[in-house]
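The values are calculated or read from the model by the stated rules, or taken from the named source; none is laboratory data. Please read all numbers here as calculations on a predicted model, not as lab measurements. Cβ: placed from backbone, ideal geometry, glycine included. Neighbour counts: every protein chain shown. For the accessible areas, the whole protein counts, side chains as well, though only heavy atoms, and no ligand, DNA or RNA atoms are used. Shrake-Rupley method; radii C 1.70, N 1.55, O 1.52, S 1.80 Å.
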There are 2 protein chains.
Amino acid sequence: VKLRVFNRTASKAQPLAGQGAVLANSSGDTAVAGGIVFTMLAHDAAVESIVMGDQGIARRLAPGGVHVSMSTIGPSTSRRLAASHTQCGSSYVASPALGRPHRAAAGQLVICTSGPAEAKDRVGPLLEMVGRQMYDYGEEPGAANVVKLAANFLIAAAIEAMAEAFAMVERNGIDRRKVAGMLGETLFAAPVYQGYGEMVAAKRHTPAGFKLKLGLKDLDLVLKAAEEARVPIPTASVVRDRMLAGLAHGREAMDWSALALSMLDDAAIK
Amino acid sequence: VKLRVFNRTASKAQPLAGQGAVLANSSGDTAVAGGIVFTMLAHDAAVESIVMGDQGIARRLAPGGVHVSMSTIGPSTSRRLAASHTQCGSSYVASPALGRPHRAAAGQLVICTSGPAEAKDRVGPLLEMVGRQMYDYGEEPGAANVVKLAANFLIAAAIEAMAEAFAMVERNGIDRRKVAGMLGETLFAAPVYQGYGEMVAAKRHTPAGFKLKLGLKDLDLVLKAAEEARVPIPTASVVRDRMLAGLAHGREAMDWSALALSMLDDAAIK
């Protein structure tokens with residue numbers, strides 16, 4: 001079995017060629033009938049563009065192939081993609097991952113899956129090569145995407161809440177970092193509060209682990225999914241507006257935790 | 001040294017009398033000149049009423065006594081109380097605690113302190129009998145109260161964010177408890193998300209560990225402290241309104257995590 005790889009920016013795929021992978025000429029060329037294709041792309045339209053159409057991977061994987069879709073996209077997009085695959089005779093597995101690139105490299109991702117059981121059984125051992133913990137949410141194709149969006153929303157909400165709390169703390173003359181440290185050692189002794197807590201407390205949002213602009217994309221997906229589900233979620237709107245304010249202030253290359261700086265602007269804290 | 005105890009409801013102090021404590025006739029009678037008084041009361045006015053005045057503990061502790069104030073009250077109240085003590089020649093140490101009653105019984109509280117260094121040194125060994133972790137925030141009397149309010153606000157904000165996320169999850173046909181479990185095992189592996197995550201996911205808010213009505217009092221203190229500090233914190237307003245909606249629906253005896261039920265009402269989820 002040969003591994004075929006493709007990236008819009010050819011230089012990014014090159015290192016894999018050095019390890020024996022074949023550079024494909026197009027995204028479609030990564031797919032062979034009955035094979036497996038993994039995709040990890042920046043947004044919904046990018047995934048749709050490589051799946052659909054005559055040269056799309058849905059058709060090229062058929063019959064019997066599986067598309068493992070690891071991007072953070074909306075559940076309704078996953079449902080459309082799954083339908084396209086079904087029409088062509090291939091399968092679609094949503095498998096968004098939680099964790100930064102360095103965790104993927106270490107095989108430490110948390111991976112959420114949804115899709116046809118048979119297809120998940122087939123690709124499971126491959127996902128386990130990058131995933132430390134696997135969580136399955138059944139056959140409905142969009143389910144794993146909803147869970148991933150819920151997780152990203154909770155991270156952003158935690159950043160916002162810390163930004164608010166630490167602003168109140170700072171205005172009272174108290175060391176923000178001491179408070180972040182205490183919380184990270186006690187009630188909130190979890191990776192999100194420890195890592196982002198230190199960034200928010202120290203007002204340090206570069207280098208970007210995940211850019212503010214991509215964070216906004218995710219919050220847009222959260223709000224769209226919530227709208228489709230008829231669930232009004234006010235905190236997501238607050239967070240999205242913080243992100244927009246951050247972009248207004250030219251912070252698009254900063255980490256998405258820079259949404260916390262918008263809180264400081266609001267309180268006229270330097 | 002005799003321990004004198006007082007509770008508005010005499011029967012609550014009785015068990016301590018069985019262990020050798022002396023039942024005081026009034027809150028003021030717990031104080032002797034140069035002694036130490038610990039208070040743990042429901043709200044700011046209750047603390048002020050026992051500190052101030054001719055029979056108040058500020059005067060009775062003087063000269064040289066220390067008032068250790070463990071209640072969750074506003075920082076401006078602590079500043080007024082500290083000034084009263086200083087006027088009388090006694091000292092005031094704010095030392096609010098994080099943790100439910102069973103953690104206090106086990107000596108497992110997290111205790112935040114602020115106040116005069118000498119007074120804190122004197123009462124430190126006594127606080128360590130109920131506290132597992134001690135965090136000091138300097139001499140400004142209100143500082144520890146700000147930190148405690150920030151912590152309670154962050155807990156309430158986490159409950160709200162989970163309520164929003166789980167509503168979106170449920171409307172997409174996904175098991176809320178499975179998602180709460182995943183989050184509590186991965187990104188949010190901390191007591192707040194594990195404990196309240198299960199309650200919110202299961203929609204189980206009785207018995208109350210901390211009543212919704214008291215939660216509202218704390219959010220009022222948070223918003224007041226934020227207003228005094230000129231820090232607009234929108235999430236606190238959202239959370240407070242959820243609590244008010246919960247009281248409107250007759251949930252005042254439920255745990256404060258029942259604020260999550262207001263989110264379900266909003267989304268017309270049973």
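Worth a mention:
- Residue under evaluation B:VAL169, criteria (1) facing chain A (nearest Cβ under 9 Å); (2) touching a residue at least 40 places away in the same chain (Cβ under 8 Å), criterion not met: (2)
- Taken over the stretch A:217-252, residues that are within 7 Å of chain B (Cβ to nearest Cβ), in a loop (DSSP other than H, G, I, E, B) and open to solvent by 30 Å² or more (accessible area, probe 1.4 Å) amount to 2.
- Taking the conditions (1) buried (at least 19 other Cβ atoms within 10 Å of the Cβ); (2) more than 11 Å from every other protein chain (Cβ to nearest Cβ); (3) touching a Cys at 6+ places or on another chain (Cβ under 8 Å) in turn, A:ALA62 satisfies each one other than (1).
- Flag if A:ALA258 is buried (at least 24 other Cβ atoms within 10 Å of the Cβ), more than 14 Å from chain B (Cβ to nearest Cβ) and among the aliphatic types (A, V, I, L, M): yes
- Residue match in the stretch B:70-92 (condition: in contact with a Pro (Cβ under 8 Å, 6 or more places away or on another chain), part of a strand (DSSP E or B) and free of Cβ contacts under 8 Å to residues at least 40 places away in the same chain): yes
- Against the numbered list (1) surrounded by fewer than 24 Cβ atoms within 10 Å (Cβ to Cβ); (2) out of contact with any Gly (no Cβ under 9 Å at 6 or more places or on another chain); (3) facing chain A (nearest Cβ under 9 Å), B:GLU140 comes up short only at (2).
- Scanning the stretch B:89-101 for residues that are surrounded by 19 or more Cβ atoms within 10 Å (Cβ to Cβ) and farther than 11 Å from B:PRO141 by Cα returns B:SER90, B:PRO96, B:ALA97, B:LEU98, B:GLY99.
- The stretch B:194-214, subset out of contact with any strand residue (DSSP E or B) (no Cβ under 9 Å at 6 or more places or on another chain) and among the charged types (D, E, K, R), residue surrounded by the most Cβ atoms within 10 Å (Cβ to Cβ): B:LYS203
- Within the stretch A:193-216, the residues that satisfy the criterion of being over 21 Å from B:GLY99 (Cβ atoms), without any contact (Cβ under 8 Å) to a residue 24 or more places away in the chain and assigned to a helix (DSSP H, G or I) are A:GLY195, A:GLU198.
- Qualifying residue in the stretch B:167-176 (condition: farther than 15 Å from A:ALA180 by Cα, open to solvent by 10 Å² or more (accessible area, probe 1.4 Å) and touching a strand residue (DSSP E or B) at 6+ places or on another chain (Cβ under 9 Å)): yes
- Residue match in the stretch A:119-128 (condition: of a type in the set (A, V, I, L, M) and buried (at least 22 other Cβ atoms within 10 Å of the Cβ)): yes
- Within this structure, A:THR30 passes the test of being within 22 Å of A:PRO96 (Cα to Cα) and in contact with a Phe, Trp or Tyr (Cβ under 6 Å, 6 or more places away or on another chain).
- Breaking point among (1) in contact with a Lys or Arg (Cβ under 8 Å, 6 or more places away or on another chain); (2) facing another protein chain (nearest Cβ under 7 Å), for B:PHE153: (1)
- Meets criteria (without any contact (Cβ under 8 Å) to a residue 12 or more places away in the chain and within 14 Å of chain B (Cβ to nearest Cβ)) for A:ALA161: yes
- Comparison of A:THR30, A:THR72 shows that the only residue that is modelled with pLDDT of 95 or more, over 19 Å from the mean Cα position of the chain (by Cα) and either open to solvent by 70 Å² or more (accessible area, probe 1.4 Å) or closer than 23 Å to A:ILE111 by Cβ (or both) is A:THR30.
- Test result for B:GLY197, under 21 Å from the mean Cα position of the chain (by Cα) and more than 7 Å from every other protein chain (Cβ to nearest Cβ): yes
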